[in-house]
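See structure below.
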Amino acid sequence: MKKMNMVRPTIAIASLAVLGILALVTFARGIGGGVTAAEDDRFRINGTTLTKYLGTDTYVSIPDTITAIGDEAFSGNETLTSLTIPDSVTQISYNAFKNCTALTRVIIPDSVEKVGPGAFEGCTELTSVEIGENVSSWGSGVFANCNSLAAVSIDTDNEYLTYYNGAIYNGNMTMLYQVLPAREGDNYVMPDTVESIDTYAFWNLQNAKNVMVSDKVAGIPKQAMSSMGSVENVVIQNPTTGIGEKSIANNANLKQVVIPASVVNIDRKAFAGSPNMKIYTTKSSTADTFGRNNNIPVIYEAEYPTDFMDSNTGLEEKPNVGDGSSTTPGTTADDQQTTGNSTGSTGNDQQTTQNPSGIQGTEGYVHPLDVPEEKDVIGKTVIVAGKAVVLMDNHKGQVYGIPNSVAADVVTEDSEDQTQTSITVTVESSNSADDDSIAQRKFYKQKNLTEYTIDETIEKIGRLAFSESGLKAIVIPDNVTEIEYGAFMSCANLADVTIPDTVAAIGTKAFEGTAWLDSWKKGEGDDDFLIVGDGILLAYRGSAEHVEIPDGVKQIGSEVFKGHSEILDVAVPASVEKICAEAFRNCGSLTGLTGCEGLRTVVRGAFYGTQISEDDFKK
């Protein structure tokens with residue numbers, strides 16, 4: 001009995017301790033509770049990449065073992081209001097926090113070097129953003145549809161990004177990345193240092209009604225000024241020459257676009273979905289002809305405001321960004337606030353010194369062929385019959401679009417992501433129904449499976465067939481012709497893979513996260529192109545701006561060049577017959593392809609996030 005009396009208090013104390021722990025856990029996970037690394041059931045982690053957060057907490061502290069926040073890791077989370085990103089993180093990937101509609105504040109630490117396209121897209125309550133000093137790679141549309149974001153703070157030591165009056169630019173302000181959706185002020189006058197405009201730069205503006213483009217911008221690229229929520233007037237300046245596909249499209253409130261005579265190339269879809277606009281231009285100009293041919297009203301007398309001052313509240317001093325932003329001798333930065341010195345820049349004074357668009361004539365316009373060439377010029381654009389013909393060395397300069405003679409079938413394949421669901425049990429499927437394939441998820445998550453011999457009758461390896469298993473090596477026999485999505489994904493110990501040349505199709509992420517592919521990406525072997533099977537380009541690890549795909553490649557595989565923002569153009573040999581899904585996804589600087597003589601098929605989505613559209617390949 002004494003022993004029992006001694007045990008009972010122990011049980012009681014233990015029970016109280018357990019209850020206390022449960023209470024603490026409950027409190028920690030309750031409303032406003034935080035998430036720590038110990039609660040790893042809420043974090044899906046592949047190596048050091050956070051691939052998915054599954055919790056519903058309002059505050060999250062990301063584990064300090066994480067180096068990358070993966071694609072769409074927090075996407076669609078409607079409860080997260082704030083978070084801590086540790087100094088271990090160097091990359092925030094594509095759509096990482098897309099549509100986190102409760103998120104209000106973000107601090108991007110100094111450790112972060114790359115912020116991917118659409119990283120915070122649709123964070124409608126986001127009002128405070130601090131960006132560290134080492135961000136050197138910035139994706140397109142990072143803050144698209146962030147309807148409450150009017151300003152950001154960028155570390156003054158950051159040499160790669162500049163913030164000025166409600167907009168984000170590159171370091172020397174030659175590239176406009178984005179005008180923030182909630183930027184204050186009716187007018188946005190692009191600084192005269194800007195030469196290029198990024199995709200989605202003006203997406204869903206809430207306040208701006210009038211926009212003036214810099215006179216150094218040669219062309220308005222695809223989607224650059226599309227879906228501008230409140231914009232009514234756009235002024236393009238002399239000597240801009242081109243307006244690209246859907247570059248000023250889907251603007252319900254747009255009333256007028258000022259197009260100077262220097263513009264000689266307008267894509268037929270440039271203004272698609274902007275039903276109420278007029279074109280203000282000169283008679284007999286390209287814009288005049290375009291308007292009349294496309295049932296767009298053309299006017300020859302201005303109807304837009306002449307006081308294009310920057311009306312942002314609390315006008316900031318323009319940053320000193322070097323030679324690119326120097327003012328005209330005898331003037332100050334404040335005197336030269338607007339592009340082309342078209343207006344004054346401070347207070348509410350109205351001072352127009354010249355017509356900013358050059359619309360009344362062509363006195364200031366110099367034809368490109370009349371400009372003397374510098375010694376380092378490697379290309380020349382000549383207008384022939386209203387079309388731009390680019391003459392250049394394709395391996396030393398940028399090209400645009402695709403060769404005119406190229407046509408291919410544009411196909412839509414089933415979404416590869418549909419199988420990326422939260423599977424928590426092993427699915428044992430029999431092959432009896434289909435003896436020539438290994439069934440989907442046949443050996444999924446079987447960690448004790450370290451060896452396996454594939455029967456020589458097998459022709460297809462199904463989706464996720466060996467994913468997250470313990471395989472160490474695999475020899476794929478000659479009968480196999482297809483390896484489906486994620487077949488060997490996240491087999492962390494799979495270091496030895498043999499793929500025969502009978503394999504003609506490999507799905508997205510088939511070998512993602514394997515030791516074999518990771519070793520190659522880290523430098524094993526001499527070539528930057530991993531070519532397997534029947535001419536399938538499976539992976540690329542280079543960093544060149546001008547890429548030459550090796551002759552003999554038949555397919556450019558899924559996601560091969562995904563996120564390579566440094567690539568400007570790609571030489572595609574005649575051997576290439578197919579470009580697979582997302583092959584060039586988010587290659588934001590990609591402006592063109594050369595070659596492509598043998599191309600037969602392009603999978604829709606292959607060029608998502610680039611200046612090229614799959615529709616360009618249609619016959």
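The values are calculated or read from the model by the stated rules, or taken from the named source; none is laboratory data. Source: prediction; values computed, not measured. Cβ atoms come from the backbone with ideal geometry, glycine included; neighbour counts cover every protein chain shown. Note: areas computed on protein heavy atoms with side chains; ligands, DNA, RNA excluded. Shrake-Rupley method; radii C 1.70, N 1.55, O 1.52, S 1.80 Å.
Tallying residues that are open to solvent by less than 10 Å² (accessible area, probe 1.4 Å) and polar (S, T, N, Q) within region 135-170 yields 1. Listed here are the strands (runs of 3 or more DSSP E) enclosed by region 206-264 that have at least 2 residues being within 18 Å of PRO275 (Cα to Cα): 233-235, 256-258. State whether the residues of region 597-615 include one that is open to solvent by 20 Å² or more (accessible area, probe 1.4 Å) and under 23 Å from VAL497 (Cβ atoms). So far as region 597-615 goes, no, none of its residues is open to solvent by 20 Å² or more (accessible area, probe 1.4 Å) and under 23 Å from VAL497 (Cβ atoms). Is there a residue being over 32 Å from the mean Cα position of the chain (by Cα) and surrounded by 21 or more Cβ atoms within 10 Å (Cβ to Cβ) anywhere in region 477-489? Yes: region 477-489 contains one or more residues that are over 32 Å from the mean Cα position of the chain (by Cα) and surrounded by 21 or more Cβ atoms within 10 Å (Cβ to Cβ).
The rows are residues; the columns are (1) touching a Leu at 6+ places or on another chain (Cβ under 6 Å); (2) within 21 Å of GLY229 (Cα to Cα); (3) not hydrophobic (A, V, I, L, M, F, W, C).
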site: ALA261; (1), (2), (3): no, no, no
site: ALA272; (1), (2), (3): no, yes, no
site: ASN276; (1), (2), (3): no, yes, yes
site: THR281; (1), (2), (3): no, no, yes
site: SER284; (1), (2), (3): no, no, yes
site: PHE290; (1), (2), (3): no, no, no
site: ASN293; (1), (2), (3): no, no, yes
site: ILE296; (1), (2), (3): no, yes, no
site: GLU303; (1), (2), (3): no, yes, yes
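Residue-by-condition table, conditions (1) open to solvent by 10 Å² or more (accessible area, probe 1.4 Å); (2) at pLDDT below 90:
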residue	(1), (2)
GLY523	yes, yes
LEU530	yes, no
ASP534	yes, no
LEU538	yes, no
GLU548	yes, no
LYS554	yes, no
PHE561	no, no
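What number of residues in region 260-283 are among the polar types (S, T, N, Q) and within 16 Å of GLU301 (Cβ to Cβ)? If you could, list the steps in order and put the result at the bottom.
We begin by selecting, within region 260-283, every residue among the polar types (S, T, N, Q); these are 262, 265, 274, 276, 281-282.
With the extra rule that they be within 16 Å of GLU301 (Cβ to Cβ), the set shrinks to 281-282.
Final tally of qualifying residues: 2.
Within region 148-168, none of the residues are under 17 Å from SER589 (Cβ atoms) and either out of contact with any strand residue (DSSP E or B) (no Cβ under 7 Å at 6 or more places or on another chain) or among the basic types (Lys, Arg) (or both).
For the subset of region 494-521 comprising residues that are over 17 Å from PHE561 (Cα atoms) and among the polar types (S, T, N, Q), which member is modelled with the lowest pLDDT? Give the steps one after another, and end with the answer.
Of region 494-521, the ones over 17 Å from PHE561 (Cα atoms) are 494-505, 514-516, 519.
From the residues that got through so far, the ones that are among the polar types (S, T, N, Q) too are 498, 502, 514, 519.
Working: THR498: 95, THR502: 94, THR514: 94, SER519: 90.
It comes out as SER519.
The residues in region 271-303 that are among the acidic types (Asp, Glu) and in a helix (DSSP H, G or I) can be counted, and the count is 1. Across region 171-190, the number of residues qualifying as within 25 Å of ASN238 (Cβ to Cβ), open to solvent by less than 10 Å² (accessible area, probe 1.4 Å) and not in a strand (DSSP E or B) comes to 2.
Is it the case that some residue within region 149-158 is closer than 22 Å to ASN253 by Cα and part of a loop (DSSP other than H, G, I, E, B)?
yes
Residue-wise test of (1) open to solvent by less than 10 Å² (accessible area, probe 1.4 Å); (2) among the aromatic types (Phe, Trp, Tyr).
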| site | (1), (2) |
| --- | --- |
| GLY229 | no, no |
| GLN237 | yes, no |
| THR240 | yes, no |
| TYR280 | yes, yes |
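Please specify each residue of region 507-521 satisfying the condition of being open to solvent by 20 Å² or more (accessible area, probe 1.4 Å) and aliphatic (A, V, I, L, M). Outline the logic, then answer.
Filtering region 507-521 for residues open to solvent by 20 Å² or more (accessible area, probe 1.4 Å) gives 509, 512, 515-516, 518-521.
The answer is ALA515, and nothing else.
When LEU315 is tested against (1) touching an Asp or Glu at 6+ places or on another chain (Cβ under 9 Å); (2) at pLDDT 70 or above; (3) of a type outside the set (Lys, Arg); (4) surrounded by 15 or more Cβ atoms within 10 Å (Cβ to Cβ), just one condition goes unmet, and that condition is (2).
Reported count of residues in region 526-569, each being touching an Asp or Glu at 6+ places or on another chain (Cβ under 9 Å) and either closer than 18 Å to THR481 by Cβ or basic (Lys, Arg) (or both), is 9.
A search for C-beta distances below 9 Å between a residue of region 228-241 that is more than 16 Å from ASN265 (Cβ to Cβ) and among the acidic types (Asp, Glu) and any residue that is open to solvent by 10 Å² or more (accessible area, probe 1.4 Å) and outside any loop (DSSP other than H, G, I, E, B), counting only pairs 6+ apart in sequence or on different chains, returns GLU232/ASN210.
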